[in-house]
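As structure tokens, the structure follows; a few thoughts come after it.
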Amino acid sequence: MASALDPEDDVFESLRKRNPKQDEERAKAAEERLHAQYAKAQQRLGELIGSNSTLPVTISSIHLIGAARTRRSFLDRLFEPILSVNKDRPYTLSEALQEVGNAADKLRRFDIYHDDIAMFIDKPSKTDPSTSVSDIAFSLSAREKSRILMKTGTDLGNAEGSAYGSLLWRNIFGGAESLNLNASAGTRTRSAYQAVFDTPILSDPDKRISVDVLESSTSKAWASHEEALKSGGIKYSWATKSGTRHQLGYTGVWRQVTGLAGNASPTVRNDAGDSVKSSITHTWLADRRNHPFLPSRGYMVKTISEIAGWGPLKGDVAFWKSELETAGAVPIPIPGVAGDSGVSLSAGLRAGMLYPLPVGFGSQSQPSRINDRFQLGGPTDVRGFAMSGLGPRDGPDAVGGDIFAAGSCNLLMPFPRVGKDTPLRFQLFANGGRLLALNNAGEKGNQGSSSVQQSVYSTVAELGNGLPSIAAGCGVVYAHPVARFELNFSLPLVLRKGEEARKGLQFGVGINFL
Amino acid sequence: MPAAVDAPEETLLTSAATSFSQQSTKVKDLFSIPPPLKKLFDKVPVLVYSPNPLPQRTPKSARIPSLYVFSTAKDAAAGRPSFNPTCLKWQVSLDGCGIGRGEETDAQLQTFLNIAGVDHRLISSNNHASPTGVLPFLLPTVHASASFQDSILPIPSNKLVKFATEHGAKVQESPSMRYEAYQSLLDHRIRNAWLYNLYLERENFDAVAYKLYVLPTSTNPFVRASISYDLRIAAEAELLKHAPIIDIDDLYSEADKAFEALSVLLGKDTWFFGGEKPALFDASVFAYTQLLLDESLGWKEEKLCRALRRRDNLVQHRQRLLVKYFGG
């Protein structure tokens, strides 16, 4: 009896004492089988499509499943043009897939659906008398992202710590419109409240209009004051076929230079108070680098042009401001190392000019104020100098300049053991720049157009007078997915009296380094 | 010898100090720059050029102190009276009357003469520029010998007398109870009526205050409207500090009484308190009488002006000061 029961016991026993190793192996095998099946199915589908790629088809319908809160008219603009009813010739199968794929990609970019948009192809039901033989029907399945997203957090940046709270309301009217409310408080930006309404135009994710209002108060310790802003603006941004981006916008901003430090300089005291800037800005960006923070090849060009206060723009300040920003990188092959060595040379150049203009339709130009002038220096632009450490200084204050040029050259090398695939590099750098205020070339008090032109010319000429202020050094670069971190040891080589250089270590965090 | 008695204790103290200093040097060593690095740091920068010139809007550096007041750029350049009573008071005082001069002829007095007597320049400004949030304030000159990074600290109006005294001036102020009582008449009754008269009388605000305080801030109508609103709210809050409600008739009648009291105080004298020269109190009175009697300001509601005009000797007092310091 007992012996008869034994084998059964064994079975129970073996069931009870499950071997985890065996289980794992089994699970693995099952998974592999599934994968193999899936891959085979994919391959079969691929072959099927491949062999039928020139099959003439007509798209009879496109269904979007799971877009309950998206407006029909908004989707119509996206899908109607690719329906065969609106085309004069039939698609080939691959073309049809391409078109619908593009539309799905656009859907993804509206930021209202999760990224896993799936596409199905079906033959329409034969019972429908309106169908033709070549008809195929597409259905896309998407999952809408939650309508409201709230976030709170803390940021640590360039000598600045801040806490923020934000609310994002997606797809407000069912057309991928969004409203972003943001409030933050920090050590440098004392407080900031911002609301941005953004909407794509004609269901095109590359054409957007946004309207924003902002109220903020920022401490500008390098010039002993606080700047309070209240602004409103509207921006239109679009992308060209070649991949460059444009943005055209109008901004009206009420600035207040206030909360002066006890030892603020006469220059800052003179600019204290209110001013209104009413300006139109155009930004153009072509970024063809292989990595935004740690590129090893490619180039980037950005221009910013702004006209303020002139003619019908009115306001209290008037100027034309142009800024150019370029960066480029080339990989350097090391003899004896096959493939990409990870060593690269990158260089950047920035320049800008503020050209004073008469306010409205007047004839006398207005010299620039501290809030409009450029600032230069700091760990993210000209390394080895303090924040706004370059340029004219009145006592303790960096009062900014109207014309600047700065350049940088960095040699990036991977660390020996760590390898080139990590986002960690050792860098040798040399950078320099000059920041100059327009000089008083004309007679005193005369701000006629010819005298302004004369002083701009002579100031530009002054840029080339002597060596620029230069610093050089070495350091470690780490490209985190959200920002680039640098820890550098730098030494100033050339500078102007009063310019604030940093000898020794300097830490920088940013997304846009020179 | 007392030193001998103290000797053991002293040694103790010294040894304690040594061990402390040893410790602190250790800590310092941790943060100090190692010598080879220090040598390197001393070698840079290799080349230092002359400083960058300052922007065009930077005020021309002057060898005399600057008094920042409410004024228009043109009036400030011409030294005309400010349109703000507090600014005007100190403007007049520095012009030489309020703060009497001592007899000393030393260098300190020279410095002081610069501000109290003759030389100071006016700069048209606004409250944002001030360290205390209100005008006026005085920015002393920076000495040529001062280093590049040296900064100059502004002197707010409530420290002006102290500053002047420190620089050797003899301040003619009778610290009597009587003086203080009359000063409080100005600081409360007349000032309150003035605030109401300027900011809360709608017609006067539009005709006078708007023109003087709002128009220069910005050309933008929204900014102007916002600043106007803030000014009126601030004036109202200031008045409500002294009384639970704003009783207009009471404000004006109190001011009328105050003018009467001042008129009696002045009597047939040339200056207040029988002084030989105008003093700080004369400047305080002038600050209001000048503005109320200045027809170019264009007052629309003249209740307060009429109350003043009835006091003939105060009108003449204003005239005397105007002639003396602003050439009529």
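The values are calculated or read from the model by the stated rules, or taken from the named source; none is laboratory data. Everything quoted here is computed from the prediction, not taken from an experiment. Here Cβ is always computed from backbone atoms with ideal geometry, including for glycine, and neighbour counts include all displayed protein chains. SASA here: full protein model, heavy atoms, side chains in, ligands and nucleic acids out. Shrake-Rupley method; radii C 1.70, N 1.55, O 1.52, S 1.80 Å.
Miscellaneous remarks
- Share of carbon and sulfur in the accessible heavy-atom surface of the stretch A:417-514 [1.4 Å probe, %]: 60 percent
- Here the simple spin-label model places points 7 Å from the Cα toward Cβ, and for A:Phe489 and B:His188 these points are separated by 6.9 nm.
- In this label model, A:Ser449 and A:Leu156 are separated by 5.4 nm, measuring between points 7 Å along each Cα→Cβ vector.
- Of B:Lys74/B:Lys211; A:Lys420/B:Lys39; A:Lys220/B:Lys162; A:Lys277/B:Lys60; A:Lys497/B:Lys162, pairs whose Cα-Cα distance is over 24 Å: A:Lys420/B:Lys39; A:Lys220/B:Lys162; A:Lys277/B:Lys60; A:Lys497/B:Lys162
- DSSP bridge analysis restricted to the protein assembly as shown gives an antiparallel fraction near 90%, rounded to the nearest 5.
- Shielding score for A:493-503, defined as the mean number of other chain Cβ atoms within 10 Å: 5
- FRET efficiency estimate (nearest 0.05) - Cβ-Cβ, A:Asp105 to B:Arg57, R0 41 angstrom: 0.20
- The residues of the protein assembly as shown expose on average 52 square angstrom of accessible surface per residue, using a 1.4 Å probe on protein heavy atoms.
- For the stretch A:142-154, Karplus couplings with θ = phi - 60° (6.51, -1.76, 1.60), whole Hz, Gly/Pro x: 10, 10, 6, 6, 4, 6, 10, 10, 10, 9, 9, x, 10
- Between A:Gln42 and A:Tyr299, the contour length at 0.36 nm per residue exceeds the Cα-Cα span by 88.7 nm.
- In the stretch A:348-393, the residues whose accessible area drops by at least 50 square angstrom when the other protein chains are added to the isolated chain are A:Pro367; the probe is 1.4 Å and only protein heavy atoms count.
- The HN-Hα couplings worked out from phi for the stretch A:335-346 by the Karplus form 6.51 cos²θ - 1.76 cosθ + 1.60 (θ = phi - 60°) are x, x, 9, 6, x, 6, 7, x, 8, 8, 10, 10 Hz, whole numbers, x standing for Gly and Pro.
- The value of relative contact order for chain A, using C-alpha pairs under 8 Å at least six residues apart, is 8 percent.
- Global form of the stretch B:236-328, assessed from the alpha-carbon gyration tensor, a/c cut-off 1.5: prolate
- Computed E for A:Asp88/B:Arg121 - FRET, C-beta separation, R0 51 angstrom, nearest 0.05: 0.05
- Convex hull (Cα only) mean projected area of chain A, reported in nm² to one decimal: 39.9 nm²
- For the stretch A:203-211, putting each phi into the Karplus relation 6.51 cos²θ - 1.76 cosθ + 1.60 with θ = phi - 60° gives couplings of 6, 10, x, 8, 10, 9, 10, 10, 10 Hz, in residue order, rounded to whole numbers and with x for Gly and Pro.
- Sparsely packed loop sites in the stretch A:435-514 (the trypsin sites (Lys or Arg not before Pro) outside DSSP H, G, I, E and B with at most 13 other Cβ atoms within 10 Å) comprise A:Lys444, A:Lys497.
- Inter-label distance for A:Ala386 and B:Arg80, nm, one decimal - labels placed 7 Å from Cα along Cα-to-Cβ: 4.2 nm
- Here is the list for the stretch A:204-305: trypsin sites (Lys or Arg not before Pro) lying in DSSP coil, each with at most 10 other C-beta atoms within 10 angstrom of its C-beta, are A:Lys241.
- Span from the the stretch B:226-304 Cα centroid across to the the stretch A:50-88 one, whole angstrom: 80 Å
- For B:127-137, mean number of other protein chain Cβ atoms within 10 Å: 4
- The protection proxy used here, the mean number of other Cβ atoms lying within 10 Å of each residue, ranks peptides A:426-439, A:189-202 as follows, highest first: A:426-439, A:189-202.
- Average beta carbon contacts from partner chains per residue of A:463-470, 10 Å cutoff: 2
- Shape class for the stretch B:177-323, computed from the alpha carbon gyration tensor (a ≥ b ≥ c): prolate, with a/c not under 1.5 and a/b above b/c.
- A Förster radius of 35 Å combined with the Cβ-Cβ distance from A:Gln98 to A:Ser322 puts the calculated FRET efficiency at roughly 0.30.
- Simple point charges give the picture: +1 on the Cβ of Lys and Arg, -1 on the Cβ of Asp and Glu, and for the protein assembly as shown a dipole about the Cα centre of about 1560 debye.
- Packing-based ranking of A:393-400, A:408-415, A:181-188 yields A:393-400, A:408-415, A:181-188, ordered from highest to lowest mean Cβ neighbour count within 10 Å.
- Mean Cα-pair separation over length for the stretch A:74-198, i.e. relative contact order, pairs under 8 Å, 6 or more apart, %: 15 percent
- Residues in the stretch B:280-298 that a label on B:Glu203 would reach, taking backbone N under 18 Å of a point 7 Å out along Cα→Cβ: B:292-298
- Relative protection proxy for B:122-133, B:49-60, from highest mean packing down: B:122-133, B:49-60 (other beta-carbon atoms within 10 angstrom).
- Where a label projected 7 Å from the Cα of B:Asn313 along Cα→Cβ would reach, residues of the stretch B:266-302 with amide N under 14 Å: B:266-275
- Protein heavy-atom accessible area occluded, A/B pair - total, 1.4 Å probe, Å²: 4100 Å²
- Debye, to nearest 20: dipole size of the stretch B:177-323, +1 on Lys, Arg Cβ, -1 on Asp, Glu Cβ: 300 debye
- Cut-off 15 Å between beta-carbons: net charge of the residues surrounding B:Val48, Lys and Arg +1, Asp and Glu -1: +3
- Accessible surface of the stretch B:177-323, 1.4 Å probe, proportion on carbon and sulfur as whole %: 53 percent
- Full-stretch length increase - A:Ile121, A:Leu202 - with 0.36 nm per residue and alpha-carbon distance subtracted: 26.5 nm
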